[in-house]
């Protein structure tokens, strides 16, 4: 089982070119309130298993967190459960702040 990482720059390009991408933020609400990528769903890790029952295994899904480790674990879970088009935002929202939108606060 291999998780595909995507850079913040690659994600920005993907979001500009494609529709129907499911963007999932697995951080906590307090983190989401600091900075978030527009259009993302907040689904903290502890609630993700239940939430995943409503996802389509064919959807293109990008998961992110603060630095990329929580989202990586969620991606592994999704792949183990038959999801096919799963991407982990490498470096998380921190990388997005550094590479794409420097107005996002670092924390």
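The values are calculated or read from the model by the stated rules, or taken from the named source; none is laboratory data. Everything numeric in this text was worked out from a predicted model, so none of it was measured. Heads up, the Cβs are rebuilt from the backbone with ideal geometry, glycines too, and the neighbour counts pull from every protein chain shown.
Taken together, the residues in region 1-54 that are under 17 Å from residue 75 (Cα atoms) and out of contact with any helix residue (DSSP H, G or I) (no Cβ under 9 Å at 6 or more places or on another chain) amount to 7.
Looking at the structure I just gave you, is residue 62 surrounded by 15 or more Cβ atoms within 10 Å (Cβ to Cβ) and out of contact with any strand residue (DSSP E or B) (no Cβ under 7 Å at 6 or more places or on another chain)? No; evaluated as a whole, the condition is false for this residue. Scanning region 18-31 for residues that are modelled with pLDDT of 95 or more and either surrounded by fewer than 17 Cβ atoms within 10 Å (Cβ to Cβ) or in a strand (DSSP E or B) (or both) yields 21, 22, 23, 24, 25, 28, 29, 30.
For region 98-106, the criterion of a residue being within 11 Å of the chain's Cα centre (by Cα) and either crowded, with 21+ Cβ neighbours inside 10 Å or at pLDDT below 95 (or both) is satisfied by no position. Of everything listed in (1) farther than 25 Å from residue 16 by Cα; (2) in contact (Cβ under 8 Å) with a residue 40 or more places away in the chain; (3) in contact with a strand residue (DSSP E or B) (Cβ under 9 Å, 6 or more places away or on another chain), the single unmet condition for residue 28 is (2). Looking at residue 34, is it surrounded by 13 or more Cβ atoms within 10 Å (Cβ to Cβ), touching a strand residue (DSSP E or B) at 6+ places or on another chain (Cβ under 8 Å) and touching a residue at least 40 places away in the same chain (Cβ under 8 Å)? Considered against the rule, which asks whether it is surrounded by 13 or more Cβ atoms within 10 Å (Cβ to Cβ), touching a strand residue (DSSP E or B) at 6+ places or on another chain (Cβ under 8 Å) and touching a residue at least 40 places away in the same chain (Cβ under 8 Å), residue 34 comes out as no. Of the residues making up region 62-107, those that are in a strand (DSSP E or B) and out of contact with any helix residue (DSSP H, G or I) (no Cβ under 7 Å at 6 or more places or on another chain) are 85, 87. Among the conditions (1) exposed (fewer than 11 other Cβ atoms within 10 Å of the Cβ); (2) modelled with pLDDT under 95, the only one that residue 80 does not satisfy is (2).
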